[in-house]
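As structure tokens, the structure follows; a few thoughts come after it.
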Amino acid sequence: MNDENRHQGARPSGPQIQPWHAILLAIITFFIVFRLPGLVVVALVLGSSAWAAVDSSKIQLKRYQSGLSYGPIGVFLGCILLWIVVFPWYLVVRSRIVSGNGVLKPGTARA
């Protein structure tokens, strides 16, 4: 991994969310959510999906190598359709980018 491909201005030694932490959080949330009224579940999924979409634009997710490198609309739709998988995945990818360990796509210019 080249240093020139890392996120400029980020702290490379910052803490990251480990994939298993995100998956465990999603599973626990999933079981808690089943005990809540349907409207609360819908609000939780819509709210977290909207946050992920807005945040993906702020961190410029499309510039990084990831299976989730889509624009805000793609992230939102992915979260809405398969929240239990996509939202934890987004948290892991976001953590890597924010900590400075995200790898830019080849040919991506620095901001």
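Computed quantities for the displayed model
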{"item": "Global geometry of region 16-98, whether rounded, prolate or oblate, following the gyration tensor of its Cα atoms and the 1.5 cut on a/c", "result": "oblate"}
{"item": "DSSP-assigned coil residues among trypsin sites (Lys or Arg not before Pro) in region 16-104, each with at most 14 further Cβ atoms within 10 Å", "result": "ARG35"}
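Quick note: the coordinates plus some simple rules give every number you see, no bench work behind them. These numbers come from a predicted model, not from an experiment. Because the Cβ atoms are built from the backbone with ideal geometry, glycine has one as well, and the counts that use them run over all protein chains shown.
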